[in-house]
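Visitor: Sharing a structure below in structure tokens format, with a few things to ask.
The values are calculated or read from the model by the stated rules, or taken from the named source; none is laboratory data. Predicted, not measured: the structure shown is a model, and the values here were computed from it. Cβ sites come from the backbone with ideal geometry, for glycine too, and all protein chains shown count toward neighbours. We work out accessible area using only protein heavy atoms, side chains counted, and drop any ligands, DNA or RNA first. Shrake-Rupley method; radii C 1.70, N 1.55, O 1.52, S 1.80 Å.
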There are 2 protein chains.
Amino acid sequence: MDLRQLRYFLAVAEAGSFTAAAKSLHVSQPALGYQVKQLEERYGTPLLERHSRGIRTTKAGAVLAEHARKIMGEVEAAEAALGKMRKTPQPVLSLGVTPTPGRAIAPELVAASALGAGPKIALREGLSDELARLVLAGELDAALCYDPQGVERLSPVPLYSEDLYLVGPPNLVGAQGDLAFADLARLPLVLDGSFQAGRRLIEQAARERGMSLDLIEAEAVTVKRELLVRHGRCSIVPLGLFYEEIRAGQLAARRLTDPAVSRSLVLITRAQLPAARRRELENALQPLVTSRIAAGELAWRHPSP
Amino acid sequence: MDLRQLRYFLAVAEAGSFTAAAKSLHVSQPALGYQVKQLEERYGTPLLERHSRGIRTTKAGAVLAEHARKIMGEVEAAEAALGKMRKTPQPVLSLGVTPTPGRAIAPELVAASALGAGPKIALREGLSDELARLVLAGELDAALCYDPQGVERLSPVPLYSEDLYLVGPPNLVGAQGDLAFADLARLPLVLDGSFQAGRRLIEQAARERGMSLDLIEAEAVTVKRELLVRHGRCSIVPLGLFYEEIRAGQLAARRLTDPAVSRSLVLITRAQLPAARRRELENALQPLVTSRIAAGELAWRHPSP
DNA sequence: AGGAGCTATAAATAGTTTTTATAGCTCCCA
DNA sequence: TGGGAGCTATAAAAACTATTTATAGCTCCT
């Protein structure tokens, strides 16, 4: 018996399927199958009933899950106890985040990283292409960003993809519901100059339709907010960025369609960073991202791939 | 954190030294050092103070040991619970034992193997050379025996070595204390024909001293006992073999010296048996052997290596 | 019947642990 | 105070274990 086996087994039992658990653990599905099978062979009893729609625990599986939770609890307690007795400072992992995820998950992330056994996380805010550059240069260990060009070398791991919205004064943006891309032609826009993924997608879609956009450029979020709220401009951004203002009725938002414009939030990591550390980070980030979505603060949806 | 790390750490903490723990776990000393270091690095605090005479736990080490014991306890509980729900029969491991260890440890061993996660042990009794032959032929998975000749291929692992005693009627054997080998000349002996290690050692020592021995041969333990108790003969055997009779005063025993005659109890295993299974077996046998020694039933002493 | 959505299997790769061999330290004792 | 016994540390090679990738096969649903 092995903590990894228990952790994998528990994830599968709780997710209700190997595939789902594999996604949440950032591990391949056969890896889970292998470890669960080891457990089953060792103790001579099936733990999971496999169906074509997922799995269900057997009686023995339920018993093991119970014990496994207790064991994992004890392990956490041990780690917490040790965490309080550190002599050496916690290793620091520098993580870049873009504004939207920054608002949504950063505080929780930093708080969580201060305890426990993992590295302490030092945050830095920036836009996607800037963060990618810093990761490439080795000045950041990792970054959460909207996959800019030429980041294949940084083995991007998609966490989620999200749709972009037209956001602006209620009188300009108009009714609820989706908005066809073509309708952007009549609107005064403000777009981010370095907004690689989003900006590129938007301009390309406009070019394909022969549209010309009435746009000015602004990078800083505070500047953009002023332009939207006080100067009657609109922008194309993820819902989360101006979530508060939208809830307050200061701004309105409509999802773009035809084509829908969406971009993926990915985690990129320094090439040298060991795979185990990388996975640790993914596993720390994933639930935070997921929980912010559940809380409705980010209008993200699950990634297609 | 990892159960292996906890197990190793605990063994070292309890044994008071890496070297001693390595012996009891049947693992090399650097393997322990490596795993403990992993723990220490991960949690940023030393767990053990290293001295030239062994180790002592630090404060953090003591805390971890406490937690580790609890965790290991939970793990055992989980294994026991699963063990009761087996659907598939436990795999069977066939183990040969010679008479002395057979008497001392076999019952406990078989009882222990019926529970838990390890294989079920099927015992077979025999003398060393016979057992070695069966292991070589693949008819036994492993055997506890007194290293006979030509067993190098079976990677013998020494568990203990023991001194041989002259045992016989009190009036012949005489006073307490050691007995010089030369004094055997005057005694009527009964030795085991196939008693490879012991018999060979004895005959060689006699040859070197130009002694001739008054001996007859008998293999079966019951026959030997009759010859000693009722027919006034003596034998050269490990103390454990006639422990009951000696305690009862029917027979007397004196350790041979000058030269002392001793032989090693080793575990031999089928060459194909995976290393992990082999170590599992060693780890199951070792404490049983040790506890029988502590109980005084076997007059063995620790091996020199 | 066909397709979506699972799990199983196999082969190659990557990663970790163990061993073997040796160096270096500390204490004890003559 | 030097020598030796008994530890732990370190490094390189070998053995082992886990993960991925790619694909096959199954079951349910329409």
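Visitor: At 222 nm, what helix-only mean residue ellipticity would chain B give, in deg cm²/dmol to the nearest 500, using -39500 (n - 2.57) for each DSSP H run of four or more?
Guide: It lands at -14000 deg cm²/dmol.
Visitor: What figure, in Å² to the nearest 10, do you get for the accessible area of A:Asp129 with a 1.4 Å probe and non-protein molecules left out?
Guide: So the heavy atoms of A:Asp129 present about 50 Å² to solvent.
Visitor: For A:Arg230 and A:Glu203, what does the FRET efficiency come to when R0 = 22 Å and r is the distance between their Cβ atoms, rounded to the nearest 0.05?
Guide: That pair, A:Arg230 with A:Glu203, gives E of 0.30.
Visitor: Next up: On a 0 to 90 degree scale, rounded to 10, what angle separates helix B:3-15 from the longest Cα axis of chain B?
Guide: Helix B:3-15 sits at roughly 50 degrees to that axis.
Visitor: Follow-up. If you put +1 on each Lys and Arg Cβ and -1 on each Asp and Glu Cβ, how big is the dipole of the range A:3-83 around its Cα centre, in Debye rounded to 20?
Guide: Using Cβ point charges on Lys, Arg, Asp and Glu, the range A:3-83 gives about 280 debye.
Visitor: Angle between the Cα long axis of helix A:196-208 and the longest principal axis of chain A, 0 to 90 degrees, nearest 10?
Guide: Roughly 50 degrees between the two axes.
Visitor: If you don't mind, there's one more thing I want to ask. About the Cα centre, and with charges only on the beta carbon of Lys, Arg (+1) and Asp, Glu (-1), how big is the dipole of chain B? Nearest 20 debye, please.
Guide: 600 debye
Visitor: In percent, what relative contact order does chain B have, based on Cα pairs under 8 Å that are 6 or more apart in sequence?
Guide: In percent, rounded to a whole number, it is 21.
Visitor: Between chains A and B, what is the buried accessible area in Å², counting both sides, with a 1.4 Å probe and ligands, DNA and RNA left out, to the nearest 100?
Guide: Buried surface at the A/B interface: approximately 2800 Å².
Visitor: Anything over 30 Å Cα to Cα? Flag those among A:Lys23/A:Lys59; B:Lys120/B:Lys224; A:Lys23/B:Lys120; A:Lys23/B:Lys70; A:Lys120/B:Lys23; A:Lys70/B:Lys120, in the order listed.
Guide: B:Lys120/B:Lys224; A:Lys23/B:Lys120; A:Lys23/B:Lys70; A:Lys120/B:Lys23
Visitor: Just to be sure I understand: with springs between alpha-carbon atoms less than 10 Å apart, which residue in A:Pro107, A:Pro156, A:Pro99 has the highest mean-square fluctuation in the Gaussian network model of chain A?
Guide: A:Pro107
Visitor: Toward the positive end of the charge dipole of the protein assembly as shown, about the Cα centre and with charges on Cβ (Lys, Arg +1; Asp, Glu -1), which of A:Gly54, A:Pro170, B:Gly102 goes farthest?
Guide: Comparing the listed Cα positions along the dipole, A:Pro170 ranks first.
Visitor: Can you list the residues, at least 5 places off or on another chain, whose amide H is less than 5 Å from the amide H of B:Leu48, using H built in the peptide plane?
Guide: B:Thr58
Visitor: Still on this structure, I have one more. Tell me the net charge near A:Tyr43. Cut-off is 15 Å between Cβ atoms, A:Tyr43 excluded, with +1 for each Lys or Arg and -1 for each Asp or Glu.
Guide: 0
Visitor: Work through the residues other than A:Leu267 whose Cβ is under 13 Å from its Cβ and net out their charges, Lys, Arg +1 and Asp, Glu -1.
Guide: Every neighbour counted, the sum reads 0.
Visitor: How big is the equivalent ellipsoid of chain A along its three axes, where each semi-axis is √(5λ) from the Cα gyration tensor, reported in whole Å from largest to smallest?
Guide: Taking √(5λ) for each eigenvalue gives 41, 23, 17 Å, largest first.
Visitor: Related question: From the Cα trace of the protein assembly as shown, what convex hull volume per residue do you get, rounded to a whole Å³?
Guide: 195 Å³
Visitor: Based on the Cβ-Cβ distance of A:Ala111 and B:Arg279, what FRET efficiency does E = 1/(1 + (r/R0)^6) give at R0 = 41 Å, to the nearest 0.05?
Guide: 0.40
Visitor: Still on this model: What is the angle, in °, between the Cα long axis of helix A:275-294 and the longest principal axis of the Cα atoms in chain A? Nearest 10 is fine, range 0 to 90.
Guide: So the helix axis and the longest Cα principal axis differ by about 60 degrees.
Visitor: Something else now. Tell me, what is the 1.4 Å probe accessible area of A:Leu123, in Å² to the nearest 10?
Guide: So the heavy atoms of A:Leu123 present about 70 Å² to solvent.
Visitor: If you don't mind, another one. With N residues in the range A:69-157, what two-decimal value do you get for its Cα radius of gyration over 2.2 N^0.38 Å?
Guide: 1.29
Visitor: List the aspartates and glutamates whose Cα lies under 14 Å from the Cα of A:Lys37, skipping any in the same chain that are fewer than 8 positions away.
Guide: Those aspartates and glutamates meeting the cut-off are A:Asp2, A:Glu49.
Visitor: Between copies, how far apart are the A:Lys59 label points? List them in nm, one decimal, shortest first, with each point 7 Å from Cα toward Cβ, please?
Guide: Ordered by distance, the counterparts are at 5.0 nm.
Visitor: What is the calculated FRET efficiency for A:Lys87 to A:Ala180, with r their C-beta to C-beta distance and R₀ = 60 Å, to the nearest 0.05?
Guide: 0.45
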